[in-house]
Amino acid sequence: MRVRRFRPCDLQGAAREDWVDAERRAVVQDGVAYIPVKEGERHDLVIPERKPYRGRGYQLLGDLVLLHGSPPTSQEVDEIREWLDPRGILWVRGIAGIERAPRVEIIWGTAGEVRQKEYGCTFTLDPARVMYAMGNLSERHRVVNLVKENGAGERVGDLFAGIGYFSIPLARAGCRVHAMEISPVAFGYLLRNIRENDVSDRVKPECGNCRDLLEGEYDRLILGHFDAPDHLSEALAHVKAGSVLHIHSLRDESNRIGSLARGAGFTPAITTRRVKSYAPHTWHMVQDVALS
């Protein structure tokens with residue numbers, strides 16, 4: 001198998017390049033990531049083919065592996081170690097409270113900070129201390145593309161900014177972003193990621209409850225928390241005809257959202273999307289709400 005060599009922390013960013021052979025899996029061994037290369041593309045060396053991995057599903061952040069769901073067995077841990085050779089394997093037992101703090105157990109190895117590359121942005125975080133929403137990747141990309149289609153210059157409010165998942169790529173797309181985050185730990189990473197992605201001139205970060213921080217009128221609001229519908233009344237006081245809201249939830253909340261929007265004097269056009277399965281019979285939903 002023809003491959004190029006990378007650091008494990010750069011694996012996910014490099015894996016999206018055009019030269020990557022998507023039919024083959026990358027190999028991580030002894031602190032080096034080997035990414036398969038298409039026929040005719042430059043490669044660094046040739047390594048033996050591996051048997052396909054058929055073990056437990058996992059989430060890879062830099063050189064750390066995150067496991068969700070039931071506790072992993074020793075066999076599952078051994079299979080992942082053999083396949084990826086990670087720095088550490090973490091079991092995420094759940095996410096707690098409005099601060100979305102992960103409850104994490106280190107199953108093997110060590111944890112600590114990683115750098116995650118995503119559509120031209122770099123996010124530094126410690127997944128044992130703050131949540132990383134891998135499943136929202138396509139949703140973040142979609143919203144950024146919507147902004148680009150509408151032209152630069154929107155004023156955006158990100159009510160649950162976290163480490164900057166939406167705020168930073170939107171700022172890079174030309175928006176002026178008001179990033180609000182209640183968790184001091186996540187806020188610290190938000191400040192760092194704003195600085196490292198060179199968008200300090202386009203992002204206004206504030207730590208606290210978004211209900212108390214909303215100000216003025218926004219062209220677009222990102223409500224990226226499953227409790228977002230509970231914050232809608234306050235959010236509707238800071239939008240106008242022509243504004244767009246992206247409201248996340250764990251069920252279809254379009255009826256409730258429509259009622260609240262009409263009660264605030266707007267006519268809403270609501271489009272509901274499924275982002276990903278969250279649990280059996282439970283979907284992570286996003287309601288796009290265009291106000292007139």
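Using a/c under 1.5 as the rounded threshold, could you call the stretch 180-284 rounded, prolate or oblate? The axes a ≥ b ≥ c are square roots of the C-alpha gyration tensor eigenvalues, and prolate needs a/b larger than b/c, oblate otherwise. Since a/c reaches 1.5 but b/c is at least a/b, the shape of the stretch 180-284 is classed as oblate. Sorted fewest first by neighbouring Cβ atoms within 10 angstrom, H43, H281, H178, H141 come out as H281, H141, H43, H178. Averaging Cα coordinates gives a centre for the stretch 233-292 and one for the stretch 93-139; these two points are 26 Å apart.
Entry note, the chain: relative contact order of 11 percent, from Cα contacts under 8 Å with a spacing of 6+ residues. Net charge dipole, the chain: roughly 340 debye, given to the nearest 20, about the Cα centre with Cβ charges of +1 for Lys and Arg and -1 for Asp and Glu.
Each of Y58, Y132 has some number of other Cβ atoms within 10 Å of its Cβ, and from fewest to most they run Y58, Y132. Near the amide H of L125, within less than 5 Å, lie the amide hydrogens of V114, Q116, all on another chain or at least 5 residues away, with H placed in the peptide plane. Taking a ≥ b ≥ c as the square roots of the eigenvalues of the alpha-carbon gyration tensor, the stretch 82-132 is classed oblate because a/c is 1.5 or more while a/b is no larger than b/c.
Per-residue ellipticity at 222 nm for the chain, helices alone: DSSP H runs ≥ 4 residues times -39500 (n - 2.57), over residue total, nearest 500 deg cm²/dmol?
Details: 8 runs with 67 residues, N = 292.
Roughly -6500 deg cm²/dmol at 222 nm, from the helical runs in the chain.
Specify the inter-centroid distance of the stretch 205-230 and the stretch 143-163, based on alpha-carbon positions, in whole Å. So the separation of the two Cα centres works out to 13 Å.
In summary, the aspartates and glutamates within cross-link reach of K117, defined as a Cα separation below 18 angstrom excluding same-chain residues under 8 places away, comprise D10, E17, D18, D63, D126, E139, E196, D198.
Please compute the Kirkwood hydrodynamic radius over the chain, one decimal place, Å, based on all pairs of different Cα atoms.
20.5
Every number in this text was worked out from the coordinates using simple rules, so none of it is lab data. Treat the numbers as computed from the prediction; the structure is a model and nothing was measured. So basically every Cβ, Gly included, is an ideal-geometry build from the backbone, and we count neighbours across all protein chains shown.
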